[in-house]
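The values are calculated or read from the model by the stated rules, or taken from the named source; none is laboratory data. Please read all numbers here as calculations on a predicted model, not as lab measurements. A quick note on method: Cβ atoms are made from the backbone with ideal geometry, for glycine too, and the neighbour counts reach across all protein chains shown. Just the protein is used for accessible areas: all its heavy atoms, side chains included, with ligands, DNA and RNA removed. Shrake-Rupley method; radii C 1.70, N 1.55, O 1.52, S 1.80 Å.
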Amino acid sequence: MSASTLLGLDDQPAMMRGYGAVAAEVVHDVVESSDLPALRSLYCDPVDGRLVAMDSTARFFTGGLRQFQLFRDQDCRLSGTRIVDVDHVREVQDGGPTTAANGQGLGKQAHVIKDHPGWRVHALDPLVVGDGLDHLRAHSPDLRWTTPTGHTYAHAPPPALGHGSRPDPSSTAPDHTTSALERHLAHLLELAC
């Protein structure tokens, strides 16, 4: 159902998967009389109504999201040991979502330490390169851990193919003096020679 129907501002029917259209008053009765833990928000394109996003009510990293965290982090983000838990950087009770950007693979000891007084961890702002992939970099943030003594440690996820596989930064740094098309053509010409 639309947000306006949920809030009682109109009486447009809702769509129940597997059943079709359902009268708004019926859905209101179901929502008010049930012990639903949460409602899932589906976001539609206002132009043509297609589904473009869905929020997550999950509290745990499971399925594909957990697999992504394990592949991305490879080892504990604090100690470098084997990942045992995938944990929230910003805790759920503090409003942290269960998303790739807010997850981190941790060993058991690091997970326990994180919850002790004085320890803090937060995600750093992603690097902005301007190559069209900046929105994806938010899913793989560097993390800063702060100890009770105030010491800080920044940890970046490793390259996907493991440590030592990162390309030479000087060869991949974007050249902003030429357009992307010019750089692509120059690369193709290099390959042809």
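Selection of first residues in the range 148-169 that are modelled with pLDDT under 90 and among the polar types (S, T, N, Q) and of second residues that are open to solvent by less than 80 Å² (accessible area, probe 1.4 Å) and part of a loop (DSSP other than H, G, I, E, B), restricted to Cβ pairs under 9 Å at least 6 apart or on distinct chains, gives the following pairs, ordered by first then second residue: S165/P158; S165/P159.
Scan the range 136-153 for residues that are of a type outside the set (S, T, Y), open to solvent by 70 Å² or more (accessible area, probe 1.4 Å) and part of a loop (DSSP other than H, G, I, E, B) and jot them down.
Pass one, the range 136-153, residues of a type outside the set (S, T, Y): 136-139, 141-145, 148, 150-151.
Of the ones still in play, those that are also open to solvent by 70 Å² or more (accessible area, probe 1.4 Å) are 136, 139, 144, 148, 151.
Scanning the range 136-153 gives H139, P148, H151.
The number of residues in the range 90-119 that are in contact with a Gly (Cβ under 9 Å, 6 or more places away or on another chain) and open to solvent by less than 10 Å² (accessible area, probe 1.4 Å) comes to 1.
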